[in-house]
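A.B. asks: Can you keep this structure in mind? I'll have questions shortly.
Taken together, the values in this text are just the output of simple stated rules run on the coordinates, not laboratory data. Treat the numbers as computed from the prediction; the structure is a model and nothing was measured.
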């Protein structure tokens, strides 16, 4: 049981890390998109 718990904790840590990276990537692409939008209008 404790092995399963440890594995579950590791899995959730990895998932959180991946979702953080995803969030950062989304934010980055949003900023880049709005930057490109501003460039095309100026």
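A.B. asks: Which length gain, in nm to one decimal place, applies between residue 3 and residue 40 when the Cα-Cα distance is subtracted from 0.36 nm times their residue separation?
C.D. replies: 7.8 nm
A.B. asks: Add -39500 (n - 2.57) for each DSSP H run of 4 or more in the chain, then divide by its residues: what number comes out at 222 nm, to the nearest 500 deg cm²/dmol?
C.D. replies: Numbers: 1 runs with 40 residues, N = 42.
Only helices count here, giving -35000 deg cm²/dmol.
A.B. asks: On a 0 to 90° scale, report how tilted helix 2-41 is relative to the longest principal axis of the chain, with both axes built from alpha carbons and the result rounded to the nearest 10.
C.D. replies: 0
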